[in-house]
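Any read-out appearing in this document is the output of simple, stated calculations on the displayed coordinates, not a laboratory observation. None of these values were measured; they are calculated from a predicted model. When we count neighbours, we look across all protein chains shown, and the Cβ atoms used for this are built from the backbone with ideal geometry, even at glycine.
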Amino acid sequence: KNASNSRSFFQPLLHGYFRSSCSWRVRIAFALKGIDYDQVPVNLIKDGGQQLTDQYKELNPMQQVPAVTIDGVTLSQSLAIIQYIEETRPGPALLPADPQKRAKVRMICDLIASGIQPLQNLYVLQKIGEDKVSWAQHFIIRGFVALESLLKETAGKYCVGDEISMADICLAPQVYNAERFKVDVDQFPTIKRLNQTLLALEAFSTSHPSCQPDTPADLRA
C-alpha cells in the first residue's frame, strides 16, 4: 500500500488523440479504475502528424499514440499500458480470475488489437491511397465475422461472461472505427448488443472520442 501511496503524487499523463482507438482504450481503463489523469493531445493529422516529431519519438519510438507516463516510466502500446494499470492499481479487475476466461479475454483483445485495428489505422491507410475505405471495410468485416463467432460463445452481459474486462475495452473503440468506415454493424448482432451495453456505461461515455479536450467542435457530442 505504501508503494501505491508514493505513486499517487503525480497523475498519469496520457499522450493521445481523441479519435485513436488505442488512446480510447487507455482512457476507458483509467475511467473504470477511477484514476485521474492529464492529457496531452497529439494531433495525428495537423503539422504533417505531431506523432512524427523528434520530441514525440523519444516518448514512443514507434511514433504512434498512446504513450503514458506513469510512476516515473513511459509506456506505449495500449494493451501493455492497460495491463500495467491492472497490475498496479486497485478497483474493478480488468482480467478474470479464471485462467480459461482470462485466455478468452486475451484472445479477443489480440484479435482486435493485432488482427483488425492495425490494418485500418491511419498510417496504413495513408499508404493505401484512394482505396482506403474499401480496404478498411474489408479488414474490419473479415475480423468482425470471426469476432462475432467467438463472442456468441463467450458473451454474457459483456464480452466474456458478466464481468467487464479488457475485451470490452478493445471492443467499443473498434466498433466506433467500423461505424466511421460505414460498416453495417447490424450484421453482427452480438457485437452490436455488447457495444450498446458498453456505451451506456459512464466509463465509456466520458472517455468517448466525442468529448475529449482535443475533439474538434464539429465532432463534439
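The table below lists the values:
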read-out	value
Peptide ranges 75-86, 97-108 listed from the most packed, as the mean C-beta count within 10 angstrom indicates	75-86, 97-108
Equivalent ellipsoid dimensions for the chain as semi-axes, Å, which come from the Cα gyration tensor, largest first	25, 24, 15
Burial order of peptide ranges 163-174, 128-139 (average beta-carbon count within 10 Å, highest first)	163-174, 128-139
In Å, descending, principal axis extents of the Cα set of the stretch 41-101	46, 24, 17
Estimated vicinal HN-Hα couplings, Hz - the stretch 123-136 in sequence order (Karplus 6.51, -1.76, 1.60; Gly, Pro = x)	4, 5, 5, 5, 7, 6, x, 5, 8, 5, 5, 5, 4, 4
Cα gyration tensor, the stretch 11-140 - rounded (a/c under 1.5), prolate or oblate	oblate
Antiparallel bridge percentage (DSSP; both residues within the chain; nearest 5)	60 percent
